[in-house]
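One structure is given here, and the rest of the page talks about it.
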Amino acid sequence: MNNIYAYIREQGALSFESSPLNEADNLVFCVLSYLDLSEVVPSGIGAEVTLYEAARNYFAGQELPPAAKDDGSNRAPVLSRLFLRMAMAPRYRGVKLSGYREILDPASPEQFTALCIRYRKDALYVAFRGTSDSLVGWREDFLLAATGHIPSQRDALRYLKRAGIRYPGCRIDVGGHSKGGHLALYAAALCSEVIRSRIGQVWSNDGPDLPLPLREMEGYRALGTRIRHYVPKDSVASMIYSHEDHYFVVDSCVKGVASHDAKTWVIENGSFVILPERNKKSFRIEEKVRSWVEEMPQEERLRFIQVFFEILYATGADTFPKLLDLGSRAFWSIWQAFRRQSCADRKKLRQFLGLLIEVVRS
C-alpha cells in the first residue's frame, strides 16, 4: 500500500536539502503529533531534542512495536510503529522537536496538542493535533460545528505567535489533520502580518475550513494559494464549513468514513494521488449533515450538545475505547439517561443517531 509507511521506507534516505518538504512529509508530521511525546520532548518552544534521541528515550525499556496490521486508529501502539520508522530514516532522525504542548480540560471543553518540528536549520513545521479519542475532544468538535468557536483556536494562535518569536528568520509551515487542520488555518489567518509573511504553506488535511466571517478577513485572504486543503474521496468530517471548490481530493485505500484516517491516503513520489472529485455519496451525506445542523437554531444546538454528552458521561467513561469496553453496562447507563430526557430532546437524539448510522453505513 502506497501510504506514509511506504513513503518513509522508499524515500527516507533523502535529506530535506536534496528533496524539499512535500505533501507526504506534511502528513507524516501531522500523524506524529497524535503520539503522546510529553515524556520525551521538552514543553518549551525552542528547547530542542532530535527525533532520534526522543525515540530512543521513548522506547527505552519497552518492547519494540510489532509489525501488526494498522487498525486505523491513532492509539500509541499504532503510532509507535511510525515513530520508530522515522527514527530509523536519515530524512527524519535528525529533525529537531520542541514545544510539545497538551491541554485536556473537560470544563472548557478543550483538547489541544501542538508540536514544533524544525526539519531544516531555517525551516519549521508547526503541527496541531486533531481530535483524540477523548469525549472532551469530541465535545469540542460538536461545539465547533454548532458555533464556529472553540477554546483550542485561542491556544493555537498563541502557540504560533510564540513559535514565530522563538524561531526568528525561519520559514514556517503550519498544518494539522482533522481539527488540527482547522486550527492551523485559524492561527495562520489571525496571526500578525510579520509572522504571516514567513508562512510557506498552511496544510489542512481533511480539516474544516473557517466560518465565512473569518474567511472574509484580510489575514485569511492574504494567505491565498498558500492554503492547501486536502480531503479524502469520501470526506464528510471536514465539510462542516465549506471549502467551496478550493480543495484537492486525495485517493484512499479504504472507503467511507474510514478514509478520514490519514494513514490510508495514497502517496506516490512524495505527493498525494489526486482524484477529479469526491464520491457522490459523500456529497449526499454532507448535505444531510449540514442541513441537520443549520436547521437547528444555535441555542438548540448548544442544548443538544449538553444533553448528548451528559448521556455519554453517565457511563463513567471519559474516552470512546473505555465506553466500548463497558459493553452492556454502558448501553444500560445510556438508555437510563436517555429515558430521563424530555420528549423533544429524545426526538433530536433519535434523529442524530439515525444520521450517524447512515454516515457509518456509507
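Only the coordinates and a few stated rules stand behind these numbers; no lab work does. Just so it is clear, the model here is predicted, and its values are computed rather than measured. No Cβ is skipped: glycine too gets one built from the backbone with ideal geometry, and neighbour counts run over all protein chains shown.
What list of ³J(HN,Hα) couplings, whole Hz, do you get for region 131-141 from phi and the Karplus terms 6.51, -1.76, 1.60, once you set θ to phi - 60° and write x for glycine and proline?
Result, rounded to whole Hz: 6, 7, 8, 7, 5, 4, x, 5, 5, 5, 4.
Using a Förster radius of 56 Å, what is the FRET efficiency between residue 299 and residue 121 based on their Cβ-Cβ separation? Nearest 0.05, please. Walk me through the intermediate numbers first.
Numbers: r = 52 Å, r/R0 = 0.92.
For residue 299 and residue 121, the calculated efficiency is 0.60.
Collect residues whose amide H, placed 1.01 Å from N in the peptide plane, falls under 5 Å from the amide H of residue 250; neighbours closer than 5 in sequence don't count.
231, 233, 275
What does the charge count near residue 250 come to, summing +1 for each Lys or Arg and -1 for each Asp or Glu among other residues with Cβ under 13 Å from its Cβ? Walk me through the numbers before you get to the answer.
Working: positive: 228, 233, 263, 278; negative: 23, 206, 234, 251, 261, 268, 277.
Around residue 250, the charge tally is -3.
On the principal axes of its Cα set, how long, how wide and how thick is the chain? Give whole Å, largest value first.
62, 50, 39
Charges at C-beta only: +1 for Lys and Arg, -1 for Asp and Glu. How large is the resulting dipole of the chain about its Cα centre, in Debye rounded to 20? The partial results should precede the final answer.
Numbers: 48 positive and 43 negative charges, 34 e Å.
The dipole of the chain has a size of about 160 debye.
Given points 7 Å out from each Cα along the Cα-Cβ axis, report the residue 56 to residue 356 separation in nanometres with one decimal.
A separation of 4.6 nm, rounded to one decimal place.
Pulled fully out, how much extra length does the chain show between residue 275 and residue 246, if you take 0.36 nm times their separation in residues and subtract their Cα-Cα distance? Present the calculation step by step, with values, prior to reporting the outcome.
Working: separation 29, 0.36 × 29 = 10.44 nm, distance 1.37 nm.
Taking 0.36 nm per residue and subtracting the Cα distance, the gain is 9.1 nm.
Just going by the charge dipole of the chain, with Lys and Arg at +1 and Asp and Glu at -1 on Cβ, which of 247, 229, 4 is farthest out on the positive end?
Farthest along the dipole direction, towards plus: 4.
Would you mind checking 263/348; 255/347; 288/347; 179/263; 233/322; 179/347 for any pair whose Cα atoms are more than 22 angstrom apart? Numbers along the way, then the final one.
Numbers: 263/348 34 Å; 255/347 30 Å; 288/347 17 Å; 179/263 16 Å; 233/322 30 Å; 179/347 28 Å.
Long pairs (Cα-Cα over 22 Å): 263/348; 255/347; 233/322; 179/347.
Quick one: give the max-minus-min coordinate of the C-alpha atoms of region 67-225 along each principal axis, largest first, in Å.
Sorted largest first, the three principal extents are 46, 39, 26 Å.
Each residue of region 196-212 in order: what ³J(HN,Hα) in whole Hz does its phi give by Karplus 6.51 cos²θ - 1.76 cosθ + 1.60, θ = phi - 60°, with x for Gly and Pro?
4, 5, 8, 6, x, 9, 10, 9, 10, 9, 6, x, x, 6, 7, x, 3
At a 10 Å Cβ-Cβ cut-off, how would you order 182, 229, fewest neighbours first?
Values: 182 28, 229 23.
Result, fewest neighbours first: 229, 182.
Starting from the amide H of residue 207, placed 1.01 Å from N in the peptide plane, find each other amide H under 5 Å away whose residue is 5 or more places distant or on another chain.
178, 230
Considering the options 266, 312, 291, tell which one lies farthest towards the positive end of the dipole of region 243-362, charges being +1 on Lys and Arg and -1 on Asp and Glu at the Cβ, about the Cα centre.
About the Cα centre, the residue reaching furthest to the positive side is 312.
Share of antiparallel DSSP beta bridges in region 71-201, in percent to the nearest 5? Walk me through the numbers on the way to the answer.
Working: 14 of 21 bridges.
In region 71-201, DSSP labels about 65 percent of beta bridges as antiparallel.
Given the C-alpha atoms of region 296-361, compute the convex hull and give its volume per residue in Å³. Mind dumping the intermediate values first?
Numbers: hull volume 6.4 nm³, N = 66.
Cα convex hull per residue, to the nearest whole number: 96 Å³.
Rounded to the nearest 500, what is the 222 nm mean residue ellipticity of the chain from helices alone, with -39500 (n - 2.57) per DSSP H run of 4+ residues and division by all residues?
Computed mean residue ellipticity for the chain: -13500 deg cm²/dmol.
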